[in-house]
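Before we start, here is the structure in question, set down as structure tokens.
The values are calculated or read from the model by the stated rules, or taken from the named source; none is laboratory data. What you see is a predicted model; the values in this text were computed from it and never measured. Here Cβ is always computed from backbone atoms with ideal geometry, including for glycine, and neighbour counts include all displayed protein chains. Ligands, DNA and RNA are stripped out before the accessible areas are found, and what is left, the full protein with its side chains, is counted by its heavy atoms. Shrake-Rupley method; radii C 1.70, N 1.55, O 1.52, S 1.80 Å.
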Amino acid sequence: MNALRVMAVFRRIIAQFRRDPRSLALLYIAPLAIIALLGWVLSSQQTTAVRVAVVNESAGPAGAVVATRLESALDGQPGIVLDRSVADDSTARQALKDKKLDLVVVLPPDFSAQSRTIDLLTLGLNPTGEASAIPAVQKAVLGAVFDAAGAALPTIEHSTVYGSPDATTLDSLAPVVVGFFLYFFVFILTGISFLRERIGGTLERLLATPVSRAEIVLGYSLGFGFFATVQVAIVLAFVLGRLDIPALGPVPAFAIGLGVKTVGNPLIAYLLVFVLGLGAVSLGIFLSTFARTELQILQFIPIVIVPQALLSGFFWPIDQLPNLLQPVARVLPVTYAIDGLRQVMIAGADLSSPQVLLDLGVLVGIAAVFMALAAATIRREVA
Amino acid sequence: MTLAPAPSAPPTAPTSPPPAVEAVALRKDFGPIHAIDGIDMALPPGRIYGLLGPNGSGKTTLIRLLTGLASATSGNAKVLSVAMPSRVNLAHIGYMTQSDGIYPELSVWENLSFFAALYGQTDKADLHRSLELVELDSRAGTPAMQLSGGMRRRLSLACALAHHPAVIFLDEPTVGVDPALRVQFWDHFHRLAADGATLLVSSHVMDEADRCDELLFIRDGHVLAQGTPAELRKRADTDNLEAAFLSFATQSATPSAAGSLAASSKEVAR
């Protein structure tokens, strides 16, 4: 191992990218744009009032009593607008179709003191959004029942071990996107850079010099590690920081940065992401062996990147995955990076936490395996 | 300037120096194809050797075996008496590939200093002299992608020579190079040989053959004949090197291979 040669490879990669501003923009501006958009969508979701009507189809006395109690319980509840103009089931359905109502509570014709089923009617076009209106109605129903029994509804207070109960989706997603974007961009850029060495004839020339394969992989890791470091620093600053710009003339007030609350040490978060990035560099070099064109590098995205996005705990906890997919998730590097980042940034764990050490250890192991694979396949000729 | 192992004894001395490039029963198969089919050679240092043969005759494969970039199926290759492949020995070897093998985003200077650094050559003044030799000193800051084809060839040559190698392999160095520049290239090659370097230059163009000290005619992975241009003409009893190549090829050809001979000699004559 010769430091002069490793540094020569490192400096060459820096020089190449300095002259390729578009790739630099991909590395630095694209993640910021995506995270800013994500933050914007998640943090300012419109919470519109749910428009509810109560329809009593039953002829019995019980129905009329319950309907009145429900209406008074729903009326004036925060987030709920009661519509008293709807009288029967068919008008209610039409009002749902016309988007004049979001949810209808129907007391069916056979509703009685014995058969106490209440129907909830929604449009069915957006199951998740419609379901979010149901808890408010359930609470009203529960309130009506307690009211009838002459008791007050107990209040429920939610607290959490880590973070706070009013943490948003954004707060738990932010640590994840930092790691995921780094993996994605570093993999794509290294894969394409190394493929160009193969097809441009420069690799042939490199191998005719005294540089060793390990020195090439190390030089590449340092070069892309440098760009990854800057990317992670920028993305972390954007995610964690928040700069409020006051309104000025016609420009409304706005904020730069997401201001996600974190209790962890950003340096440990950075360490996890850096080791993840080292693995991505070597994976890019390794997989470039199996591609002949730049387009074929992009064909690895569905194989390498998408499964990691779906299985690594980005959207769903690993424990909730189907049994067959859980072992797959446990060999993916991003899984360990995301777990480690959540431990550090949300739970405030540091290097004394066995969980963080395990994640870091697995990431180091995966990076070492990819580095060995990369070095072993460098000599493979372009077939 | 440190030129590594120069021939200490003149060529006429009774004890000749060890060969700079040596092959013993060298063989390379790609599946059923015998790309190099048993080549023996011993090339004394300080001369320019021309490796002549049609496309697909095995010139590039032979150079890749001698530089250790490809591994032989059987037999041995030695450069400066060291068995190849040897990563350490590559420090004394220069290799100009058939493709330019330079980084298009990097400037002329960045390309040259990068390859030189891999050989441990970081003497800036010396690198500037290397650029002057190929007349690219005024273009040092130009990105390689903005150079003309001939300039890229010159940069590629400078990158192969920056560390003053004792043995230099040049794979079709003059392809795509205009006649005036070609003359400069050959003058440069002769200066290097005069300083003690050994050059192996592959070509499929016969009119360059006369500029070499010694020729190796190669076809189908065999060396058909070896000697100075004058010797080869005399042995084939012709004034014309194309005719000489055809004559040697006919002598060695099996009846079944004779049909392809006319085509390959035309290729050589091109």
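Tell me the helices (runs of 4 or more DSSP H) entirely within the stretch A:181-300 that contain at least 2 residues that are within 14 Å of another protein chain (Cβ to nearest Cβ) and open to solvent by less than 60 Å² (accessible area, probe 1.4 Å). Spell out how you get there, then give the answer.
Numbers: elements: A:202-207, A:213-240, A:266-288, A:294-298.
The helices (runs of 4 or more DSSP H) meeting that bar are A:202-207, A:213-240.
Exactly one of (1) open to solvent by 60 Å² or more (accessible area, probe 1.4 Å); (2) in contact with a helix residue (DSSP H, G or I) (Cβ under 7 Å, 6 or more places away or on another chain) is unmet by A:Val178. Its number?
The single condition A:Val178 does not satisfy is (1).
Restricting to the stretch B:128-146, name every residue that is within 14 Å of chain A (Cβ to nearest Cβ) and either touching a Gly at 6+ places or on another chain (Cβ under 9 Å) or under 25 Å from B:Ile63 (Cβ atoms) (or both).
Within the stretch B:128-146, B:Ala144 is the sole residue that qualifies.
Exactly one of (1) over 14 Å from A:Ala208 (Cα atoms); (2) surrounded by 24 or more Cβ atoms within 10 Å (Cβ to Cβ) is unmet by B:Glu135. Its number?
(2)
How many residues are under 22 Å from A:Leu195 (Cβ atoms), more than 8 Å from every other protein chain (Cβ to nearest Cβ) and either in contact with a strand residue (DSSP E or B) (Cβ under 6 Å, 6 or more places away or on another chain) or assigned to a loop (DSSP other than H, G, I, E, B) (or both) when one looks only at the stretch B:99-121?
In the first step, residues of the stretch B:99-121 are kept if they are under 22 Å from A:Leu195 (Cβ atoms); the result is B:99-106, B:110-111, B:114-115, B:118.
Remaining after also requiring more than 8 Å from every other protein chain (Cβ to nearest Cβ): B:111.
Cutting the leftovers down to either in contact with a strand residue (DSSP E or B) (Cβ under 6 Å, 6 or more places away or on another chain) or assigned to a loop (DSSP other than H, G, I, E, B) (or both) gives us none.
Of the residues in the stretch B:99-121, 0 are under 22 Å from A:Leu195 (Cβ atoms), more than 8 Å from every other protein chain (Cβ to nearest Cβ) and either in contact with a strand residue (DSSP E or B) (Cβ under 6 Å, 6 or more places away or on another chain) or assigned to a loop (DSSP other than H, G, I, E, B) (or both).
Residues that are at pLDDT below 85 and open to solvent by less than 50 Å² (accessible area, probe 1.4 Å): which strands (runs of 3 or more DSSP E) entirely in the stretch B:1-58 hold 2 or more of them?
none
Among all residue pairs at least 6 apart or on different chains, which show Cβ distances below 7 Å where the first residue, located in the stretch A:323-334, is free of Cβ contacts under 8 Å to residues at least 24 places away in the same chain and the second is buried (at least 20 other Cβ atoms within 10 Å of the Cβ) and in a loop (DSSP other than H, G, I, E, B)?
So the pair list comes out as A:Ala329/A:Ser312.
Identify all residues within the stretch B:144-188 that are of a type in the set (Gly, Ala, Ser) and open to solvent by 10 Å² or more (accessible area, probe 1.4 Å); write none if there are none.
Applying the first criterion (of a type in the set (Gly, Ala, Ser)) to the stretch B:144-188 yields B:144, B:148-150, B:156, B:158, B:160, B:162, B:166, B:176, B:180.
Correct list: B:Ser148, B:Gly149, B:Gly150, B:Gly176, B:Ala180.
Suppose we filter B:Lys124, B:Lys78 for residues that are of a type in the set (Lys, Arg), surrounded by fewer than 18 Cβ atoms within 10 Å (Cβ to Cβ) and more than 7 Å from chain A (Cβ to nearest Cβ); which single one remains? Can you show your working first?
Values: B:Lys78 fails: surrounded by fewer than 18 Cβ atoms within 10 Å (Cβ to Cβ).
The conditions single out B:Lys124.
Would you check if there is a residue in the stretch A:362-383 being of a type in the set (S, T, N, Q), closer than 30 Å to B:Leu69 by Cβ and part of a helix (DSSP H, G or I)?
Yes: one or more hits.
Restrict the check to the stretch A:7-26 and report whether at least one residue is away from chain B (no Cβ under 14 Å) and either loosely packed, with under 13 Cβ neighbours inside 10 Å or on the phi < 0 side of the Ramachandran plot (or both). Steps first, answer last, please.
Taking the stretch A:7-26 as the starting set, the residues that turn out to be away from chain B (no Cβ under 14 Å) are A:25-26.
Filter once more, so that each one left must be either loosely packed, with under 13 Cβ neighbours inside 10 Å or on the phi < 0 side of the Ramachandran plot (or both): A:25-26.
Yes, the stretch A:7-26 contains at least one residue that is away from chain B (no Cβ under 14 Å) and either loosely packed, with under 13 Cβ neighbours inside 10 Å or on the phi < 0 side of the Ramachandran plot (or both).
Identify the single condition in (1) within 28 Å of B:Asp195 (Cβ to Cβ); (2) at pLDDT 90 or above; (3) within 15 Å of the chain's Cα centre (by Cα) that B:Trp109 does not satisfy, given that it satisfies every other one.
Of the numbered conditions (1) within 28 Å of B:Asp195 (Cβ to Cβ); (2) at pLDDT 90 or above; (3) within 15 Å of the chain's Cα centre (by Cα), the odd one out for B:Trp109 is (3).
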